[in-house]
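In what follows, a single structure is set out as structure tokens and then discussed.
Laboratory data are not the source of any read-out in this text; all were calculated from the coordinates shown. Computed from a prediction, not measured in an experiment: that's the story for all the values here. Heads up, the Cβs are rebuilt from the backbone with ideal geometry, glycines too, and the neighbour counts pull from every protein chain shown.
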Amino acid sequence: MSTNRDDERVLVGAAQAGDLGSFERLYRSTVGLVHALCLRMSGNAALAEELTQDVFVRAWQKLATFRGESAFATWLTRLTVNVVLSERRERRRREARITLADDLEPFAGSVPAARPGEALDLERAIASLPPQARHVFVLHDVQGWEHAEIAHHTGLAVGTCKAHLHRARRLLREVLSS
Amino acid sequence: MNCRDLVARLDDFVDGTLSAADRGAVALHLEICPSCREAEARVRALAAGAAMLPRAIEPAHDLWPDIVARIQGDTVTQGRFGAVRHPRWHRRGALAAAAAALVVVSSVVTTLMVARRDAATGPSGPGRAGTAAGVTAATLELSQARGSYEAARRQLLAVLETRRSSLSPATLKVLDENVRIIDDAVRQMEDALARDPGNQELPSLLVTAYRQEIDMLQRAAGLPARG
Ligand SMILES: [Zn+2]
């Protein structure tokens, strides 16, 4: 799944110099991470694939700005969060009408569900969260980010992030125990 | 500290970000309050479950060819965020995730439409006097989406029919139920749109419902055989 740090440095260097083959190897080793994050943050499989593509196109364009201070996957994860959040902002502006996701809020608890397995239940419950609560929950509880980092990326105040996490956990417990 | 104070601090307590003084007060309350102890256990279980979810989920399709195409035609990709996204209806995937993940949305659509329909029985509800240009654009997008949706739906249902014997009865039950729910929602919205062609919200809701159904069918078509 992951290349070791030295291999990675070589691949990144070659990709920065324009070698698409090296970039493909970086893609192969990280696409699952990027796709999982896009899927959970967007709650939509078709959109997640488009977002995953967007992330790697952006990564290629911005590769020169990667200085190797963190692992490539860490850099890519931050880029992914920015791509997902900016896509959502753009889409909301463009559509300028009620988005379905926001209308989910009052109904988030009224979900009929089968129980194919706990993890799948949890994934489905996460997908049903209101967008901002979902973003914060995925970043905090799945990705392990701290509130300060989430606040930095989302532009929310730390207190607001905490409120979204609180709400997400409450809604998830309700959905999962129903 | 009472139960309400505790609930307000429980996330920080579980996450280890509470001040020492508050931490002590929370711990003290937990000693004496079974229901708050249960709440704490559930928050911990939820956070643990989330932390154990797989970090990587491979996409159902190899996205690399499209990425290369976009990288090599780089000028085209500029300003992409301004373009309308066309869902990849034609693709048939093997994403082994929850078949029913998006059913949530479709049942909400149903609820929403029933609520809206009830609220909009008067001759002129609020927000119905949209601009002609907005309506035309939305309607155009809708008619394109409807064609793609119907073709993709037929194709995916045919695939699923051939796979029925390999899926578990529980999965099939959920799937059939979900198809029915979304079909109902789509039909209700189509009816509502026929009665109220100027409605600004229905086209985007419909397109979303189409997308949800195709998405669900794609997932179901790619579910692993029972075992
Ligand atoms: Zn208590």
Given a Förster distance of 25 angstrom, what is the FRET efficiency for B:Asp184 paired with B:Val159, based on the Cβ-Cβ distance and rounded to 0.05?
-> 0.65
Spacing of the two label points (7 Å from each Cα toward its C-beta) at A:His152 and B:Ser35, in nm = 4.1 nm
